[in-house]
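Only one structure is covered here, and it is reproduced in the block below.
Throughout, read-outs are computed from the coordinates displayed, never taken from laboratory work. Note that this is a predicted model, so its numbers are computed, not measured. No Cβ is skipped: glycine too gets one built from the backbone with ideal geometry, and neighbour counts run over all protein chains shown.
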Amino acid sequence: MFNYLHLIIAVLLLCVTPVWAAESIPSPFTQKDLAQMIVTRFGWSDGLPKEPADRDYLIILGGRRTFRYEAETAYNPKTDNVTVAQYNLYGQFSGKGWLLGVSERTVANFTVQLPIGGVYALKAVVKGDGYVWNVDGKEYKAGSTAGAFKEITVGTVPVKPGVTTIKVSIPPQGGIDSFSFSAPDYPPVQPFAGWRFKEHLTAARLAEVGVSMMNAYDKLPEVQKDVPATLAAVDAALPTQNAAPTKISYLGAFSSQAWLRADFRGAAIQIPLKVSETGIYGLRARVLGQRVDGDVNGNAFVATGKPYLDVIELGLFRLDSGENMLTLKLPPMGGIDVIEFTRRGTSSGDFMNLAGLSGAPDRVVSADEARIFINRINEKYRVRK
């Protein structure tokens, strides 16, 4: 009987032991784990809601800093003496409605979640004059004398990440449609092809994230330096009424059959850029104009030119396979001849060499290695705060 009991216990132990062993094996470190580690390490978690979703991490790491809020969803219906109106007597409105004040001055209390802190331009779409905006204890006065909704600039305000409360004093019969915070974007912190939260973190993806944190794309090797691809603006630009082709040559040499010149109003030239493969591209242009600004897929740039056609650097940009959009804002009587673009190397080896990682690109990275790597970058490079 005694031996029989020992046999039963031995069999039970054999059945249970594999379960214990399985439970002791740690789960592989994922890209989501790295994203959470970065947000925590650099103190960006203040911008997260109490129960963050994947999207909340992506917004913070994405670096975009334009946040827009509808007044009718941000106010406090329990305390604010306002009405949600839905008629368009004062022009078109966004969202489901807009806030209408009463016959005397009243107050609205807006509460919003701001994912990223910083110094922002606060704007609002309002009707009426005499608004007073109280943001973090500081007052800003702004309004509009127009009889319809109009966007106004309230002021430049420093805002902390997280829950932000704004108290607005509304003039009699005033109306607020929406308000927004905007500031220059930060470079995104992400793998080259974007985050894949469920995937295991590999050395190649960690290197790509590291280079993005270092903002060191300009240190990737050039693979198309000597023979840049060119695109004639006169052939590729979308039609515009404020610019026309010209062949005058006394303002500098041009290489196309003609070049585009803006009239006395200046012109916003839109040029689709088509590439066959996603990559990091260096863009430059032969332009006329002492200040030329614009954006590539929404990423802004400012460049200094000359009073004659000359080549200027626009910067490094990520171009996705297919069509991208370059918008070039020419000054009055400015012009553009060609766009030139070179390409940077974006192989796994290029990123790992620049980030200082060794081994196979597809090897799975541990939490300890990722932590050491992130700390090393923080010590050597200025990562956005």
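Annotations
- Amide proton proximity set for residue 76, modelled H, under 5 Å, gap of 5+: 109
- Residues whose amide H falls under 5 Å from that of residue 135, counting only those 5 or more places apart or on a different chain, are 140, with hydrogens built in the peptide plane.
- Cross-linked pairs 78/123; 138/167; 50/96; 198/219; 50/160; 32/380: Cα-Cα separations exceed 19 Å for 78/123; 50/96; 198/219; 32/380.
- Whole-Hz ³J(HN,Hα) from phi, Karplus 6.51 cos²θ - 1.76 cosθ + 1.60, for the range 373-380, glycine and proline x: 5, 5, 5, 5, 5, 4, 6, 9
- The phi torsions of the range 178-195, fed into the Karplus equation with coefficients 6.51, -1.76 and 1.60 and a -60° offset, translate into couplings of 7, 8, 8, 10, 9, 8, x, 5, 8, x, x, 9, 5, x, 4, 9, x, 6 Hz, rounded to whole numbers, with Gly and Pro shown as x.
- In order along the range 229-242, the Karplus-derived 3J(HN,Hα) couplings, from 6.51 cos²θ - 1.76 cosθ + 1.60 at θ = phi - 60°, round to 6, 10, 9, 6, 4, 5, 8, 9, 5, 5, x, 9, 7, 9 Hz, and Gly and Pro are given as x.
- As a calculated quantity, the FRET efficiency between residue 308 and residue 381 at R0 = 41 Å, using C-beta atoms, amounts to about 0.60.
- Distances between placed amide hydrogens fall under 5 Å for residue 154 paired with 122, 123, 124, all partners being 5 or more residues away or on another chain.
- Of all the options 69, 87, 131, the one that moves most in a Gaussian network model of the chain with Cα springs shorter than 10 angstrom is 87.
- Each Lys and Arg Cβ is given +1 and each Asp and Glu Cβ -1; about its Cα centre, the chain then shows a dipole of about 640 debye.
- Taking every alpha-carbon pair in the chain and binning the separations at 20 Å intervals from zero gives 22, 41, 30, 6, 2, 0 percent.
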